1. From (1) over 30 Å from residue A:510 (Cβ atoms); (2) assigned to a loop (DSSP other than H, G, I, E, B); (3) in contact (Cβ under 8 Å) with a residue 24 or more places away in the chain; (4) not hydrophobic (A, V, I, L, M, F, W, C), pick out the condition that doesn't hold for residue A:363.
2. Which of the residues belonging to the stretch A:366-385 are out of contact with any Pro (no Cβ under 6 Å at 6 or more places or on another chain) and part of a loop (DSSP other than H, G, I, E, B)?
3. Any idea how many residues of the stretch A:137-155 are farther than 11 Å from residue A:79 by Cβ, open to solvent by less than 20 Å² (accessible area, probe 1.4 Å) and in contact with a strand residue (DSSP E or B) (Cβ under 9 Å, 6 or more places away or on another chain)?
4. Could you please find all residues in the stretch B:296-336 being outside any helix (DSSP H, G or I), of a type in the set (Ser, Thr, Tyr) and either open to solvent by less than 40 Å² (accessible area, probe 1.4 Å) or under 30 Å from residue A:313 (Cβ atoms) (or both)?
5. Of (1) in a strand (DSSP E or B); (2) farther than 30 Å from residue A:63 by Cα; (3) of a type outside the set (S, T, N, Q), residue B:88 satisfies all except one. Which?
6. Considering only the stretch B:231-247, state which residues are assigned to a loop (DSSP other than H, G, I, E, B), within 9 Å of chain A (Cβ to nearest Cβ) and free of Cβ contacts under 8 Å to residues at least 40 places away in the same chain.
7. Need the failing condition index for residue B:345 against (1) more than 7 Å from every other protein chain (Cβ to nearest Cβ); (2) free of Cβ contacts under 8 Å to residues at least 12 places away in the same chain; (3) more than 39 Å from the chain's Cα centre (by Cα), just the number.
8. What are the pairs, 6+ residues apart or on separate chains, where a residue within the stretch A:262-276 that is farther than 21 Å from residue B:322 by Cα has its Cβ under 8 Å from a residue that is part of a loop (DSSP other than H, G, I, E, B)?
Amino acid sequence: MTTYGAGAMTNSIPEIRDADFLLVIGSNTSEAHPIIAMEMKRAVRRGAKLAVADPRAIWMTEIADWHLQIQPGSDVWLLNAMAHVILEEGLEDREFIERNTEGFESVAETVRRYSPEEAETVTGVPAATIREVARAYATTPKAGIYYTLGITEHTTGTDNVYALSNLVLMTGHLGQRSAGLNPLRGQNNVQGANDAGATPVFYPGYQSALDPGVRRKFAEAWGVPQSDSPGLNLNQMMKAMDDGSIRGLYLMGEDIVISEPNVAHVEEAMNHLDFVVVQDIFFNESCRFADVVLPAACFAEKDGVFTNSDRRVQRVRKAVDAPGEARADWEILVEVMRRAGLEQPDYPSPAEVYDEMAALAPKFSGISYQRIEAEGGLQWPVPTADSPSTEYLHKGGVLRGKGLFQAVEYRAPAECADPEYPLVLSTGRTLYHYNAGTQTRRSAGPQLKQPEAFVEVHPRTARRLGLDDGALVDVVTRRGRVRCRAMYSRQVAKRVLWMPFHFPEARTNYLTNDAGDAVTGTGEYKVCAARLEPVAEQGPAEQRFRGAFAAAGAD
Amino acid sequence: MSDPKSLLVIDGNEVDVRPGETILHAARRIGIDIPTLCHDDRLDPAAACRLCLVEVEGARLMQPACATRTSSNMVVRTAGGRVERNRRFILSLHLADTIQERAVCEDNGPSRLHEMAELHGTAGVWPAIESERAARPDDDNPYVAFRPDRCIACSLCTRYCDQVEAVSAITMAARGARTTVSTADRLALTDTTCELCGGCIDVCPTGAMSERPALVYGKPEAELEKVRSTCNFCGVGCQVDLNVDRAANHVVKVTSPPPGTTVNDGNLCVKGRFANDFIHHEDRLTTPLIRAEDGSLQPASWEEALARTVEGLARVKSEHGADALAFISSSRCTVEENYLIQKMARAAYGTHNVHQCAAT
């Protein structure tokens with residue numbers, strides 16, 4: 001966003017198949033984005049080179065030309081070292097840098113200190129591999145970078161993205177088909193929720209809430225003066241709940257008691273609140289703290305749009321009626337606003353809500369339900385009713401005028417392994433389950449393939465602790481203790497553990513670190529120090545574990 | 001780029017020769033649709049079903065349009081006696097290998113084979129082929145049912161599994177009339193590398209691969225209404241067709257729009273296709289709840305619940321100020337709903353404390 005002027009995938013998903021080089025970093029694509037992985041598989045079948053940087057030997061590494069098995073949290077070292085190689089060998093695109101960017105010199109100076117040889121000692125990736133991948137990336141015109149939460153869920157998340165963006169800018173792999181920088185969004189409408197202004201810093205369409213002119217515009221449109229006091233991001237909200245400055249909470253479709261890092265802390269903070277509303281499709285864990293629970297319709301029961309990873313605005317259509325008295329979230333919100341004294345138009349359907357937003361946000365002004373109906377999904381920016389859908393960004397020049405290089409220095413994760421907690425715990429998603437498990441834990445197939453909470457541990461680490469494959473084990477960090485099944489896995493390095501977070505009966509986020517990135521506030525889900533404590537009496541523990549699993553509502 | 005002078009002729013029309021292009025695709029460019037059964041643009045040509053055979057001048061045998069590359073001065077005929085006779089023969093042959101009666105064959109999904117037969121005609125009903133094609137016993141996977149009596153061994157499913165999903169869980173096994181779809185060691189699907197994407201069901205032209213829950217539900221796809229929507233799991237934005245039994249207000253299954261039409265190119269994953277049990281799950285919230293005096297949550301009317309909501313939020317605001325309120329929305333909800341919640345925070349309550357749950 002800061003560096004190019006737009007926070008989204010620069011390319012489109014169908015362009016992936018035509019790429020000649022793919023760097024997949026911090027993305028377990030075949031499990032978290034299976035359909036994007038199919039496009040990558042297609043590119044590889046065609047002969048594209050694939051480099052996968054991940055602490056685990058994930059499925060994608062099986063078809064990769066290189067697996068850069070990095071130590072969790074060492075991404076900046078790896079990426080700066082790649083930049084080092086590119087500049088050392090003169091593989092940068094001088095013309096692109098000259099014409100389209102600013103701040104190159106400071107990056108050049110910084111990365112000079114990041115030699116691949118030293119990178120090897122920090123990241124664990126052989127210097128020769130770093131050189132090869134850097135060369136392949138720099139010298140392939142259709143080279144795309146794909147990343148997801150493995151890059152952003154760190155205290156250095158923003159730095160990681162800057163380091164990636166530096167690589168893109170110095171090689172000029174931008175503004176063309178199949179070459180760019182692509183964050184793959186983890187949820188159906190992350191892009192759309194950001195687009196719509198559900199973030200403290202932006203009004204709809206990325207118009208800054210800090211800009212008095214923008215605030216005036218929305219004050220006029222809505223007929224209410226706009227606050228000039230800056231809003232809190234999610235991470236800050238959690239801390240403000242704890243210190244008593246937040247007293248009332250409205251939760252729509254989000255189970256923060258299972259999804260936020262360091263949940264024991266979140267639960268305690270929830271107890272301090274004076275008033276909590278939870279609006280959801282299921283009775284989730286957060287409902288335990290609610291004063292009011294409002295039953296919502298699910299996606300199959302309402303109309304609207306979702307905006308996907310490649311900025312594509314697509315329709316959600318009502319297929320069935322919601323159960324009982326459940327209502328669509330948009331209807332509930334309009335009703336609450338009315339009762340709170342803010343007069344609302346009589347929206348016959350979400351189409352008119354969309355029109356209201358589009359009129360206020362130039363990026364989407366040309367998008368309407370009628371156009372989506374006629375043309376299929378539209379990719380923003382679409383500023384006017386005549387402008388076409390935008391397949392890839394930055395064509396014919398970087399959006400913000402000049403792409404901004406940002407020199408970044410390596411900072412260690414907030415918590416590193418130490419004698420007391422000698423292992424590093426990383427977390428993520430699996431193919432079969434989704435987020436808090438509310439939906440997938442109620443489905444037969446996912447439950448059959450992955451019925452229980454587990455931790456991946458390298459067999460050697462496990463054997464040293466006398467831990468059998470499949471035995472119950474306690475994973476312990478400074479914030480909590482969670483019991484789950486040890487799964488021998490050579491996917492993880494010897495000093496690394498990995499856990500999915502889909503299982504309410506073994507809540508991984510009791511363990512994770514809520515230290516946040518300075519800019520985004522995103523918690524460091526991907527790295528914290530941990531140790532394993534084998535469970536002595538497996539028999540009784542096994543019974544309790546199965547009991548907890550049944551009690552957690554899984555059928 | 002192609003040499004402008006390099007041309008071929010298809011049914012009397014001149015077409016430029018493009019490097020590597022097949023007769024099938026060159027014909028499509030000029031609006032001639034050669035029927036195929038075992039072809040899929042996502043896969044390498046297999047030339048297995050022989051339905052797409054066309055006449056190429058100078059070649060003694062007819063050539064499969066899906067696998068034959070065009071070349072300069074080639075003269076192709078995609079219609080006419082010999083080509084059409086072959087088509088009808090091939091269709092009769094395949095029909096003899098599956099369930100001939102269309103309604104029975106289509107008890108679950110549609111059958112492209114029967115559709116083709118209706119469109120192009122057949123060479124009559126042939127006696128059923130005595131095939132000893134077998135299914136795997138004991139495959140108790142919850143989603144994919146293989147019914148060998150419908151299989152025509154076109155290998156679309158195994159090639160899809162190999163080339164698109166790239167897990168190679170299923171494979172063609174045995175020979176001759178026994179040729180069937182199987183797995184290594186005839187394992188149950190859930191014990192293989194299968195990721196339950198269900199692509200084998202979508203590509204099957206006869207309904208041999210079918211969806212188990214839909215089979216149990218018992219209504220053929222033709223009687224269901226398709227509602228085009230967007231998947232609610234990850235950020236790819238796959239387009240899905242919710243197959244609805246209107247009378248029962250029930251989503252029976254989820255299918256993919258045809259390949260080449262949407263961002264997912266005909267593909268879906270296990271979650272998008274199968275993890276929809278939650279829609280009609282008995283645990284769904286069906287009524288508002290309010291915290292009672294005794295601390296328990298009790299069912300309430302919308303009127304009561306909304307009044308309590310507005311009153312509770314107003315009290316926090318009047319006692320501690322607008323910035324003592326926080327609104328957390330979901331990236332699972334729609335764009336409109338996220339727009340409305342930030343409008344609610346900013347306009348109805350006067351705070352910028354609004355954030356959606358995912359920061360990526």
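The values are calculated or read from the model by the stated rules, or taken from the named source; none is laboratory data. In this text the structure is predicted, and so the values were computed from the model without any measurement. Here Cβ is always computed from backbone atoms with ideal geometry, including for glycine, and neighbour counts include all displayed protein chains. These accessible areas exclude ligands, DNA and RNA; they are computed on the full protein's heavy atoms, side chains included. Shrake-Rupley method; radii C 1.70, N 1.55, O 1.52, S 1.80 Å.
1. Just one mismatch for residue A:363, condition (2).
2. A:367, A:368, A:376, A:377, A:380, A:381, A:382, A:384, A:385
3. Matching residues across the stretch A:137-155 total 7.
4. Of everything in the stretch B:296-336, those that are outside any helix (DSSP H, G or I), of a type in the set (Ser, Thr, Tyr) and either open to solvent by less than 40 Å² (accessible area, probe 1.4 Å) or under 30 Å from residue A:313 (Cβ atoms) (or both) turn out to be B:296, B:329, B:330, B:331, B:334.
5. It is condition (1) that residue B:88 fails.
6. Those that are assigned to a loop (DSSP other than H, G, I, E, B), within 9 Å of chain A (Cβ to nearest Cβ) and free of Cβ contacts under 8 Å to residues at least 40 places away in the same chain: B:234, B:235, B:236, B:237, B:238, B:246.
7. Looking at each condition in turn, residue B:345 falls short on (2).
8. A:262/A:479; A:262/A:512; A:263/A:507; A:264/A:479; A:265/A:479; A:266/A:260
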